[in-house]
């Protein structure tokens, strides 16, 4: 039997990164501050994991200013969306196998 | 990675996808109370219009004091419902540990607000031009459309509440003399029914 652990996405195995990607898959875009509130985390922690997702090109960033305040928004990329799907499938597979 | 961890990952994904899209803090209780306010309002309106015997609404055209009183009653019902809705959402948000003013509630207000503001202007135009017999239907129809528009940011069941309001609104256009009756049904009974369903499903 194939080992489902191999199909887990290394990047998304981290809980916060998985959460960020989940929110972006369900929404057109989300701002940094909105993510911070929703996920109840700190600036530094969120920034670190967003950087990691950016590096993998799982998400894309647009920076703009609203009334002189920086507004940084994130979107999921096609690469991120398919990685998320694969990771979900692997999680599902894992649960199925361990039920047996 | 163990099975529990995989399961809790999936659970957290499910919750976040819902919470990031939907305003989950709306309480069923506010639906029930809004329905009760609407029924109380309707009974006051009934006294204003019919004063004991049934007259078709077409006959109170031009009777301005009554129209003003009806608008005051309707506004009081609306304000009481909004305050109640805000109060119960505030309490539920506290319990769920979510924020009441976030991306989802802003999005919800826009989705509800556009059809409601347009409907409000249209209904005022009806009042201004003396088409009193279509006011009840117009309010029900625009409210139904607003609910359907907002349902993707709320619970899925809101969509069905919207369809019911539309059905009652359409029937109300066919029986222009009985607007108050349909109004009490759409805003009173339906809200109480919907609120009780939501309360037993999500709030306990």
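Just so you know, all these numbers are worked out from the coordinates, no wet-lab data involved. Keep in mind that what you see is a predicted model, and the values were worked out from it rather than measured. So basically every Cβ, Gly included, is an ideal-geometry build from the backbone, and we count neighbours across all protein chains shown.
To test your reading of the geometry: what angle, between 0 and 90 degrees and rounded to tens, separates the Cα axis of helix B:3-21 from the longest principal axis of chain B?
With both axes taken from Cα atoms, the answer is about 30 degrees.
Using all C-alpha to C-alpha distances in the stretch B:91-204, build P(r) with 10 Å bins and read off the rounded percent in each one.
Reading the bins upward from 0: 14, 39, 32, 13, 3.
For peptide A:16-23, what's the mean number of Cβ atoms from other chains within 10 Å of each residue's Cβ? Before the final figure, lay out each step's value.
Working: counts 0, 0, 5, 7, 1, 2, 11, 7.
The per-residue average across the peptide is 4.
Under the rule of -39500 (n - 2.57) per DSSP H run of 4 or more residues, summed and divided by the residues of the protein assembly as shown, what mean residue ellipticity at 222 nm is obtained, to the nearest 500 deg cm²/dmol? All intermediate terms of the calculation are to be shown ahead of the outcome.
Details: 12 runs with 205 residues, N = 304.
Mean residue ellipticity, 222 nm, calculated: -22500 deg cm²/dmol.
What do you get for the angle between helix A:43-55 and the principal long axis of chain A? Use alpha-carbon atoms, 0 to 90 degrees, nearest ten.
Approximately 60 degrees, to the nearest ten.
Tell me, what is the Rg over Rh of the stretch A:3-99, with Rh the Kirkwood radius over Cα pairs? Can you show the working numbers first?
Working: Rg = 14.6 Å, Rh = 14.1 Å.
Rg/Rh for the stretch A:3-99 comes to 1.03.
Using the beta-carbon distance between residue B:156 and residue A:89 and R0 = 22 Å, what value does 1/(1 + (r/R0)^6) give for FRET efficiency, to the nearest 0.05?
Numbers: r = 25 Å, r/R0 = 1.14.
Computed FRET efficiency for residue B:156 and residue A:89: 0.30.
Averaged over peptide B:8-14, how many Cβ atoms belonging to another chain are found within 10 Å of each residue's Cβ? Intermediate results must be reported in sequence, preceding the final value.
Numbers: counts 1, 12, 7, 0, 4, 12, 1.
That average works out to 5.
Could you work out how far apart the two model spin labels at residue B:203 and residue A:97 are, taking each label as a point 7 Å from the Cα in the direction of the beta carbon, and quote it in nm?
Computed distance between label sites residue B:203 and residue A:97 equals 4.6 nm.
What is the P(r) of chain B, as percent of Cα-Cα pairs per 10 Å bin from 0?
9, 32, 32, 16, 7, 3, 1, 0
Hey, for a label at residue B:47 modelled as a point 7 Å past Cα toward Cβ, could you say which residues of the stretch B:158-194 have their backbone N under 18 Å away?
Within reach of a label on residue B:47, which here means backbone N under 18 Å from a point 7 Å along Cα→Cβ, the stretch B:158-194 contributes B:180-181, B:184.
Given 0.36 nm per residue, what is the gain on full extension from residue A:28 to residue A:5 after removing their alpha carbon distance, in nm? Could you put the intermediate results ahead of the total?
On the way: separation 23, 0.36 × 23 = 8.28 nm, distance 3.01 nm.
Using 0.36 nm per residue and subtracting the Cα-Cα distance, I get 5.3 nm.
Under 1.5 on a/c is rounded, so check that first for the protein assembly as shown, then, if it is not, pick prolate when a/b is larger than b/c and oblate when it is not; a ≥ b ≥ c are the square roots of the alpha carbon gyration tensor eigenvalues.
On the way: a/c = 3.07, a/b = 2.35, b/c = 1.31.
In terms of gyration-tensor shape, prolate.
Could you work out how far helix B:28-50 tilts from the main Cα principal axis of chain B, as a 0 to 90 degree angle to the nearest 10?
Orientation of helix B:28-50: about 0 degrees from the principal axis.
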